[in-house]
Amino acid sequence: MGRSLDTLGRTATIPGTAWAIDPVTDQVVVSADDGLAAKDRDRLKSVVAGLGDTARLQEVKGGYRTTIAGGDAIIGGGVRCSLGFNVKKPGTHTAYLLTAGHCGNVASTWATSSGQTIASRVGTSFPGNDYSLFQYTATTDRPGSVDLYNGTLRDIANAGTPVVGQTVGRTGSTSGFHTGKVTGLNTTVNYNDGTTVTGMIATTVCVEGGDSGGSLFANNTALGLTSGGSGNCTSGGQSFYQPVTEALNAYGVAVY
C-alpha cells in the first residue's frame, strides 16, 4: 500500500485530485474532481491502472477547495489535535468548533495544517469534563460533517447518546476512520498524568496521539469527542469520549 501511495505522489500530484486508504477494502481510493483537464484525467487513469487492484479511481462533483471538517487536524500551542464537530448558535450565523478540553487548555487559537489561523478559544473544561469551544475567525468552508479519510465526508444532522453494544465510528487526524463497539457509559477515567475525567463513553475503537478531540458518531448522529485511551490502531485498545450533548448544552450550541 505504501508503494502505491509513493507512486501517486511521484506521478499524479495534479490539482483537483486526492487519495486516501479505504480501510474497508484495503485499497487506495483516488478521486478526481469534475474540473480536471482531459490530459490530466487520462494521465491519472493510466497511473491508477498501473497500480492494479491496490487502487481504484472515483470522480467527484465540483472542485476541491479548502475545508475543515470533523476529524481534521488543528494545530495550536505546539500540539496537534483533531476537530470534533462544527457547531452554531441556534438562530445565528456564528460558527464554532468543538474539540477536547485538554487540547483547548494548551491552545488559545487553532490553525489548519497549512498554517492558516481559523479559530479563537471561547471556553474550555478539563479535567472532570473534556471539551472546549473555539469561535471561527477566518473565512473557510466548515461543513457540518466529518472526514471519513477515504475522500468522502459524512453529514452530521443531529446529536445523541449512544447505547452499550452500539457500533460507532471515530475519525481523527492521526489514524483516520475506525469503528468499534460502545462498551460503557458514565465511565470514570484516571489518566496516567494524574487527571481524571468522568461521565465518559467507553469503546473498543482504537485511538492514537493527535486523534484527541476528534469525532465519535453513528450514522448521521454526533456522539462524542475523543478524550484518550490505550493501545493503538495496530494492536488495538480501549478509548474514551466526552459525550457531545453535554458540551453542546454547556455552550448553547448545536450541530448543523
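The values are calculated or read from the model by the stated rules, or taken from the named source; none is laboratory data. Note that the structure is a prediction, hence the values are computed from the model and not measured. Using ideal geometry, Cβ is built from the backbone for each residue, glycine included, and neighbour counts are taken over all protein chains shown. Areas reflect the complete protein model, heavy atoms only, side chains present, ligands, DNA and RNA absent. Shrake-Rupley method; radii C 1.70, N 1.55, O 1.52, S 1.80 Å.
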Residue by residue through region 194-222, note down the ones that are within 13 Å of A247 (Cα to Cα) and in contact with a helix residue (DSSP H, G or I) (Cβ under 6 Å, 6 or more places away or on another chain).
-> G213, A222
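So for region 214-229 (the condition being outside any strand (DSSP E or B), open to solvent by less than 10 Å² (accessible area, probe 1.4 Å) and closer than 30 Å to D141 by Cα), does at least one residue qualify? Even if it seems obvious, please write down each step before you answer.
Filtering region 214-229 down to residues outside any strand (DSSP E or B) leaves 214, 219-220.
Checking which are open to solvent by less than 10 Å² (accessible area, probe 1.4 Å) leaves us with 214.
Now restrict to residues that are closer than 30 Å to D141 by Cα: 214.
Scanning region 214-229 turns up at least one residue that is outside any strand (DSSP E or B), open to solvent by less than 10 Å² (accessible area, probe 1.4 Å) and closer than 30 Å to D141 by Cα.
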Any hit, region 216-230, residues being modelled with pLDDT under 95 and not hydroxyl-bearing (S, T, Y) | yes
Could we say that N86 is more than 17 Å from the chain's Cα centre (by Cα), within 17 Å of G213 (Cα to Cα) and surrounded by 15 or more Cβ atoms within 10 Å (Cβ to Cβ) here?
-> no
Taking the residues in region 11-30 that are surrounded by fewer than 19 Cβ atoms within 10 Å (Cβ to Cβ) and hydroxyl-bearing (S, T, Y) as candidates, determine which candidate is nearest to S175 (Cα to Cα).
-> T25
Considering only region 55-168, give the strands (runs of 3 or more DSSP E) lying wholly within it that have at least 3 residues that are modelled with pLDDT under 95.
-> 55-60
Selection within region 96-147 - buried (at least 20 other Cβ atoms within 10 Å of the Cβ) and over 14 Å from A247 (Cα atoms) | C103, A107, W110, I118, A119, R142, G144, S145, V146, D147
All positions within region 11-39 that are in contact with a strand residue (DSSP E or B) (Cβ under 6 Å, 6 or more places away or on another chain), touching a residue at least 40 places away in the same chain (Cβ under 8 Å) and either assigned to a loop (DSSP other than H, G, I, E, B) or more than 17 Å from L153 (Cα to Cα) (or both) | G16
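Could you say whether any residue in region 180-191 is part of a loop (DSSP other than H, G, I, E, B), out of contact with any Pro (no Cβ under 9 Å at 6 or more places or on another chain) and open to solvent by 10 Å² or more (accessible area, probe 1.4 Å)?
no
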Residue pairs within 6 Å by beta carbon, gap of at least six or interchain, first lying in region 242-254 and under 17 Å from F134 (Cβ atoms), second open to solvent by 30 Å² or more (accessible area, probe 1.4 Å) and part of a loop (DSSP other than H, G, I, E, B), listed first then second, are V253/K89; A254/P90
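Would region 205-212 turn up any residue that is in a strand (DSSP E or B) and surrounded by 20 or more Cβ atoms within 10 Å (Cβ to Cβ)?
No: region 205-212 contains no residue that is in a strand (DSSP E or B) and surrounded by 20 or more Cβ atoms within 10 Å (Cβ to Cβ).
Answer with yes or no whether Y191 is among the aromatic types (F, W, Y) and closer than 30 Å to H93 by Cα.
When the stated conditions are applied, Y191 does not pass them.
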